[in-house]
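Reading through the structure tokens given below for one structure.
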Amino acid sequence: MLRDHVCRNYRKEAEEAIRKADDAIAQRFIFDQRWDMERTYETVAFDGDIDFLSQPGGDPEWTYAFNRLRHLISLGEAYVLTGEERYAECLASQAERWIDTVRPSDKASAPAWRTIESGIRLDTFVRSYLLIGDSAAFRRIEDKFMASVEEHASFILANAWDSYHLMSNWGVLANHGLYTASCVFDRSSWRQEALRRLSAELENEVYDDGMQWEQSPMYHNEVMRDYLDVLFFSDRYGCQIEPWFRDKVHRMARVAMAFMKPDGSEPMMGDSDDIDMRDLLTYAAYVLKDGMIKSVAYDTLDFETSFLAGDEGIDEYGRLEARLPEATDFLFPDSGNGFARTGWGSRDSYLRFHAGTLGAGHGHADQTHVSFVDRGRDFLVDAGRYTYVFDGGRQDFKDNRAHNVVIVDGKECYPEKDSWECLSLDRAVNLRFASKGDAIAFEGGHLGYLSSGVLVNRRVVWLKRHELLVIIDELYAAGQHGYESLFHFSEGIEPSVSGNKARMGHVAMTCLSTAAPSLSVLSSQISRHYNQKAGSKALSVGIEADGPVTLWSVFDLSGEDGKAELLPVRSSFKGITFSSEDIEAMSFTSDTRDILLVCAHKEYATPTDTFCAGGCTGFGNLTYFDRKAGCTEIGVRLFC
């Protein structure tokens, strides 16, 4: 059943595994698989003996990736799929050479014996054993192989537990390898210590809302995969897991479901790539028996999990009933991440907002960043990560300027010391969320420019049915300052500018402020995978002001030529016109829409008052009116 299932449902993945296995036999290596953390684009070949410590192009990431030995899994899968002993023989021979030549006692082997590589490699050994353990080739090296498993376990036990590993994904990836080995090879002492460590790491590294603290969906997914393995191997080998542990892993999976984009990929937030994550959600749905997650994952058990779960697992997943999530909008308050969508299809629209913790080394300078997918296609984007080499472009993708944020006086608010450490930090503030009917709103700010006398606060309003996205940047300041709001677009989108308006294909954008906005098109870049980048365009919206000021960026997503303008706001009771520093109203009209959005920048009702603007009367901090539907009183109050 396994071979039939894989060849019928995952022919491309099966062919890819066999291709990787054939390359390994020919001693040709490239890291281009879906979940390779640091991809490469040039094949490295060895004519004689393989040098596992080689460093092509001087890139240590290549050496790290090579010594995870993940190509051994492809060899094992090819053996299972074809029954050809040559794949098992190659796996055994290369594993044996690695064991013989890359010794932990040799200082030259240090790049291969970092704790993260040691844990991933031990897990690779476990999976290799499960795939070729019945072969003659494995029996030939079994004693040496098992000695290396013991050596890896001892190394992890001695080196993968301290304050750093408690907080870093390294600790999970290392101790996860120890745990899977403990289950498969029945070592209770390893299992007890690995589970103790993994429990502490889960409690410490994963916020209560379910998001891994490093603010990178890719590393969240890597950590989640390891915890799903803990649950899978525990269930398979009869090991007990406490309910709280299982519940928190489940929360991680629900967060991943929420942040998945309409095309099935993870968002390029922080150090993340454009990776189709539906296989991982399939694994999560299977392990957690969650039909809601299955509804946005694959209909059949994914390629990798099929080899682990076998015929029984394939059948069990097939019986799991899929049910679409009722919710489409989410706020995860501990991590400061918000996600909203029009539905769960591949052609739906999607919004991501971030105003939370920075995420340390893998996080980027992206406080108040907004990404948007328009009808299944990337529109507003995050630039990605490209590299971890500080002088090789790291800053170009990690800085404020690589994100859709406001920059004050041309300054970076998170200057980097190196690829991982910032010279200064602050905190996010004002995080809140509203979802009322087809209208959603996010709010968040940060203190990154407080030393310059500026508080940056952003509100994002998405009126889904009206196909209107409004970004309101409130800049609370004393004195004269210059502000630049940046909007990065996906490849192929060419903005054109006319006055305070811009057009990107069918999307029209209008920028409004009491300070005259100045728009210009910039050259930018985007990296969808490590070591890969492409040119793109960005829009710069600049204003200068003395004292508080607000910038409205209004995106008409409908294709109509709507009109956006600011209107005066009057006091219903006092008969005065409020200052724009206190409250503003934005009117949007087109052939099919007539919208008023009122945003209060501070308290205005004293002693008792309501506002009046554009023929509408109401009270609230953020309120919209659908005048086309006859709504001119009270409106929809998003924020009180």
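The values are calculated or read from the model by the stated rules, or taken from the named source; none is laboratory data. Predicted, not measured: the structure shown is a model, and the values here were computed from it. Note that each Cβ is placed from the backbone with ideal geometry, even for glycine, and that neighbours are counted across all protein chains shown. Surface accessibility is based on the protein's heavy atoms, side chains included, excluding ligands, DNA and RNA. Shrake-Rupley method; radii C 1.70, N 1.55, O 1.52, S 1.80 Å.
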Within segment 420-456, which residues are open to solvent by less than 10 Å² (accessible area, probe 1.4 Å), without any contact (Cβ under 8 Å) to a residue 60 or more places away in the chain and not β-branched (Val, Ile, Thr)? TYR449
Just the residues that are under 26 Å from the mean Cα position of the chain (by Cα), open to solvent by 10 Å² or more (accessible area, probe 1.4 Å) and within 21 Å of GLY445 (Cα to Cα), please, taken from segment 474-515. GLU484, HIS488
Could you count how many residues in segment 270-294 are more than 25 Å from GLY313 (Cα to Cα) and touching a His at 6+ places or on another chain (Cβ under 7 Å)? 4
Only one of these conditions is not met by SER518: (1) buried (at least 18 other Cβ atoms within 10 Å of the Cβ); (2) more than 30 Å from MET218 (Cβ to Cβ). Which number is it? (1)
Applying the selection to segment 191-211, what residues are open to solvent by 20 Å² or more (accessible area, probe 1.4 Å) and in contact (Cβ under 8 Å) with a residue 12 or more places away in the chain? ARG191, GLU193, LEU195, SER199, ALA200, GLU203, ASN204, TYR207, ASP208
In segment 162-181, what residues are in contact (Cβ under 8 Å) with a residue 24 or more places away in the chain and more than 21 Å from the chain's Cα centre (by Cα)? HIS165, LEU166, ALA174, ASN175, HIS176, GLY177, LEU178, TYR179, THR180, ALA181
Restricting to segment 385-398, count the residues that are open to solvent by 30 Å² or more (accessible area, probe 1.4 Å) and assigned to a loop (DSSP other than H, G, I, E, B). 2
Subset tally (residues that are closer than 15 Å to GLU203 by Cα, crowded, with 21+ Cβ neighbours inside 10 Å and polar (S, T, N, Q)) for segment 158-188: 3
Of the numbered conditions (1) within 21 Å of GLU467 (Cα to Cα); (2) open to solvent by 50 Å² or more (accessible area, probe 1.4 Å), ASP334 fails exactly one; give the number of that condition. (1)
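Going by the structure shown, is GLU467 open to solvent by 10 Å² or more (accessible area, probe 1.4 Å) and within 20 Å of LEU351 (Cα to Cα)? Before the answer, list the steps.
Values: open to solvent by 10 Å² or more (accessible area, probe 1.4 Å): yes; within 20 Å of LEU351 (Cα to Cα): yes.
Yes.
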For ASP378, the lone unmet condition from (1) within 22 Å of the chain's Cα centre (by Cα); (2) open to solvent by less than 40 Å² (accessible area, probe 1.4 Å); (3) farther than 24 Å from SER523 by Cβ is (3)
The lone exception for ALA402 - which of (1) touching a strand residue (DSSP E or B) at 6+ places or on another chain (Cβ under 7 Å); (2) buried (at least 19 other Cβ atoms within 10 Å of the Cβ) it fails: (1)
Kindly state which helices (runs of 4 or more DSSP H) lie completely within segment 212-289 and contain at least 1 residues that are of a type in the set (S, T, N, Q) and open to solvent by less than 10 Å² (accessible area, probe 1.4 Å). 217-237, 278-288
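If I filter segment 549-575 down to residues being open to solvent by 50 Å² or more (accessible area, probe 1.4 Å) and touching a strand residue (DSSP E or B) at 6+ places or on another chain (Cβ under 7 Å), which single residue comes out as farthest from ALA477 (Cα to Cα)? Talk me through it step by step, then tell me what you get.
Pass one, segment 549-575, residues open to solvent by 50 Å² or more (accessible area, probe 1.4 Å): 561, 563, 565-566, 568, 570, 572-574.
In the following step, the residues that additionally are touching a strand residue (DSSP E or B) at 6+ places or on another chain (Cβ under 7 Å) were identified as 561, 563, 565-566, 568, 570, 572.
Values: ASP561: 34, LYS563: 29, GLU565: 24, LEU566: 21, PRO568: 22, ARG570: 24, SER572: 28 Å.
Result: ASP561.
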Which listed residue, of ASP235, ASP247, ASP276, is modelled with pLDDT of 95 or more and touching a Ser or Thr at 6+ places or on another chain (Cβ under 7 Å): ASP276
Scan of segment 160-200 for residues that are closer than 22 Å to LEU131 by Cα and among the small types (Gly, Ala, Ser), ordered by number: ALA174, GLY177, ALA181, SER182
Of all residues in segment 578-625, count the ones that are open to solvent by 30 Å² or more (accessible area, probe 1.4 Å) and within 25 Å of SER558 (Cα to Cα). 6
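Here's the yes/no breakdown for (1) assigned to a helix (DSSP H, G or I); (2) loosely packed, with under 15 Cβ neighbours inside 10 Å; (3) more than 34 Å from the chain's Cα centre (by Cα):
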site	(1), (2), (3)
TYR87	yes, no, yes
ALA92	yes, no, yes
SER109	yes, no, no
GLY119	yes, no, no
PHE125	yes, no, no
TYR129	yes, no, no
ASP134	no, yes, yes
ILE141	yes, no, yes
ILE156	yes, no, no
Residue list for segment 158-173, filter: part of a helix (DSSP H, G or I) and in contact with a Phe, Trp or Tyr (Cβ under 9 Å, 6 or more places away or on another chain): ASN159, TYR164, MET167, ASN169, TRP170, GLY171, VAL172
Segments classed as strands (runs of 3 or more DSSP E), wholly inside segment 448-518, with at least 3 members that are out of contact with any Gly (no Cβ under 6 Å at 6 or more places or on another chain) and within 25 Å of HIS601 (Cβ to Cβ): 454-463, 468-477, 480-488, 507-512
